[in-house]
Amino acid sequence: MNMNVNSGASGNGDDEDEDEAADMEEYEESGLLETDEATLDTSKMVDLSKSKTGEAGSDDILQTRTYDLYITYDKYYQTPRLWLFGYDEDRQPLTVDQMYEDISQDHVKKTVTIENHPHLPPPAMCSVHPCR
């Protein structure tokens with residue numbers, strides 16, 4: 001997809017600068033989106049992972065911890081404030097110690113502490129202090 005940033009005022013005679021931007025709905029309806037090489041094809045990824053690991057099974061999927069992120073505005077510091085709440089591989093809430101394992105030890109209990117979210121019920125969450 002060609003996107004022109006030039007305003008066309010340079011006087012170089014390019015008719016291309018005067019073209020209208022492509023209509024995204026028209027592009028989707030044309031079917032080009034499905035054939036575009038830039039589109040992620042997960043079936044190729046699965047085939048590739050099968051060839052690397054040999055046998056395909058449920059052990060091929062890497063289970064990881066996940067986090068919900070919340071952003072609030074801290075009136076005192078007048079900056080955004082980040083809140084994190086973690087889940088283990090089975091989507092069970094992480095303990096405080098488990099969440100601290102995922103944070104740089106230089107920041108644990110200094111820049112990142114466990115606090116109650118100002119607008120959500122407990123359990124407490126990791127809070128990144130806006131002052132640091």
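Data for the structure
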read-out	value
Conditions (1) surrounded by 14 or more Cβ atoms within 10 Å (Cβ to Cβ); (2) touching a Lys or Arg at 6+ places or on another chain (Cβ under 9 Å): number failed by VAL108	(2)
One residue from THR95, THR113 being at pLDDT below 95, among the polar types (S, T, N, Q) and within 15 Å of ASP68 (Cα to Cα)	THR95
Only one of TYR100, TYR73 that is outside any helix (DSSP H, G or I), surrounded by 10 or more Cβ atoms within 10 Å (Cβ to Cβ) and either out of contact with any Phe, Trp or Tyr (no Cβ under 6 Å at 6 or more places or on another chain) or modelled with pLDDT of 70 or more (or both)	TYR73
Pairs where the first residue, in the range 75-99, is free of Cβ contacts under 8 Å to residues at least 60 places away in the same chain and small (Gly, Ala, Ser) and the second is open to solvent by less than 40 Å² (accessible area, probe 1.4 Å) and assigned to a loop (DSSP other than H, G, I, E, B), C-beta under 8 Å, 6+ apart	GLY86/LEU94
Residues of the range 116-127 satisfying the condition of being within 24 Å of THR64 (Cα to Cα) and surrounded by fewer than 16 Cβ atoms within 10 Å (Cβ to Cβ)	PRO122, PRO123, ALA124
Filter result for the condition that a residue is in a loop (DSSP other than H, G, I, E, B), of a type in the set (D, E, K, R) and modelled with pLDDT of 90 or more, over GLU55, GLU37, GLU89	GLU89
Which numbered condition THR113 fails, given (1) part of a loop (DSSP other than H, G, I, E, B); (2) more than 21 Å from the chain's Cα centre (by Cα)	(1)
Single condition LEU84 does not satisfy, out of (1) open to solvent by 60 Å² or more (accessible area, probe 1.4 Å); (2) not in a loop (DSSP other than H, G, I, E, B)	(1)
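The values are calculated or read from the model by the stated rules, or taken from the named source; none is laboratory data. Just so you know, these numbers come straight off a predicted model, no measurement behind them. Here the Cβ is made from the backbone with ideal geometry for all residues, glycine too, and neighbour counts use every protein chain on show. Please note that ligands, DNA and RNA were not included when accessible areas were found on the heavy atoms of the full protein model with its side chains. Shrake-Rupley method; radii C 1.70, N 1.55, O 1.52, S 1.80 Å.
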